[in-house]
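Before any comments, here is the structure.
Just so you know, all these numbers are worked out from the coordinates, no wet-lab data involved. Here the structure is a predicted model, which means the values were calculated and not measured. Quick reminder, even Gly has a Cβ in these numbers, built from the backbone with ideal geometry, and neighbours come from all protein chains shown.
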Amino acid sequence: MFHSGTAEVMRTIRAGDILTVYRVSSSCEAKTVGKIRVLSYVGETYLKGEVTEGEIKRDDIAEKGGVSLLVISVSMCDH
């Protein structure tokens with residue numbers, strides 16, 4: 001997942017956290033589609049996570065509190 005790298009992200013998101021994932025429709029409605037468990041930070045602007053519930057797709061939005069992250073891949077770091 002991609003994030004802004006701000007201090008707010010670092011304060012809000014920790015390894016082990018469960019994030020709710022939303023998909024935004026063409027009519028700008030957000031629908032809950034699953035959950036992701038945060039595994040670790042990767043560099044300054046990425047998080048590695050695992051899907052724990054639902055069907056997550058690229059461009060979905062993961063959220064916790066007031067922090068949002070963009071799902072950029074569902075299999076990019078499987079190694």
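Key figures
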| read-out | value |
| --- | --- |
| Paramagnetic reach from E63 (point 7 Å along Cα→Cβ, amide N under 16 Å) across the stretch 14-40 | 18-36 |
| Scaled radius of gyration (Cα, divided by 2.2 N^0.38 Å) that the stretch 7-70 gives | 1.08 |
| Cβ charges +1 (Lys, Arg) and -1 (Asp, Glu), total dipole of the chain, debye | 100 |
| Percent RCO, i.e. relative contact order, over the stretch 7-70, from Cα pairs under 8 Å lying at least 6 residues apart | 33 |
| Structure-based [θ]222 nm, the chain - -39500 (n - 2.57) summed over DSSP H runs of at least 4, per residue, nearest 500 | -1500 deg cm²/dmol |
| For F2, net neighbour charge (Lys/Arg +1, Asp/Glu -1) across residues whose Cβ lies under 12 Å away | -1 |
